[in-house]
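Here, each number is a calculation from the coordinates, and none is a lab measurement. What you are looking at is a predicted structure, and each value in this text was computed from that prediction instead of being measured. We place every Cβ from the backbone using ideal geometry, glycine too, and count neighbours over all the protein chains shown.
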Amino acid sequence: MRLVEWEAKRLLAERGVPVPEGALARTVEDAREAAGRFEQTAIKAQVLRGGRMKAGLVQFAAGAQEAESRTAQILAAVGEQDAQVLVEQRLPVLQERFIAALYDPRRRGPVLLYTPHGGIDVESEDEHAIVRVPFDPRTGPADFELRGALRESGVTGRDLRALTGIAAAVVRTFLECDATLVEIN
């Protein structure tokens with residue numbers, strides 16, 4: 001089963017991953033109301049396909065009126081009768097990162113991936129910049145293994161503590177939901 005972003009974020013939040021405040025909207029009016037709670041918003045089509053940013057299905061707005069206009073554009077582009085958008089608080093991006101737990105067929109087991117170079121083209125990342133932590137599917141990796149791997153990639157201090165917690169929550173989500181892929185970009 002594939003999940004749209006709001007469904008995945010709910011599962012991650014239940015396991016301790018911090019996620020931005022937001023609301024699901026089916027109409028431009030709903031989006032305007034949701035956006036009124038935030039100074040800056042991200043409006044994201046809830047569709048099961050990659051490349052949403054490049055396709056114009058993720059847009060940013062300042063204020064409720066602009067959010068309404070952007071939502072109308074996204075809903076028209078999606079073209080589905082029951083289309084939805086996630087309207088959430090846009091947070092400042094200090095650094096894009098990528099973290100995922102997935103089943104690796106080459107290793108015949110689960111692995112945690114991390115790279116400090118996230119973003120919309122993360123799949124083109126240099127293989128040497130990606131940290132891989134294979135783990136036992138019954139127990140997951142120990143926190144010290146996660147910390148050590150993240151430290152090797154240059155993460156330190158507060159970021160190391162926070163990212164270790166997020167990595168552990170991603171693995172927990174992967175294992176508890178019997179997933180083949182859980183990612184945060």
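According to the calculation over all Cα-Cα pairs in the chain, the P(r) per 10 Å bin from zero is 9, 33, 33, 19, 6, 0 %. Amide H to amide H, with H built 1.01 Å from N, residue 117 comes under 5 Å of 98, counting only residues 5 or more places away or on other chains. Annotation: amide H of residue 155 has no partner in the under-5 Å range at sequence separation 5 or more or interchain, hydrogens built in the peptide plane. Taken about its Cα centre, the chain carries a charge dipole of about 340 debye when Lys and Arg each add +1 at the Cβ and Asp and Glu each add -1 at the Cβ. Using just its DSSP H runs of length 4 or more, each adding -39500 (n - 2.57), the chain gives a mean residue ellipticity at 222 nm of -10500 deg cm²/dmol after division by all residues. Residue separation of residue 160 and residue 48 scaled by 0.36 nm, minus their Cα-Cα distance, works out to 37.2 nm of gained length.
Think of segment 13-96 as a dipole: +1 on every Lys or Arg Cβ, -1 on every Asp or Glu Cβ, centred on the Cα centre; then among 51, 25, 86, 51 lies furthest on the positive end.
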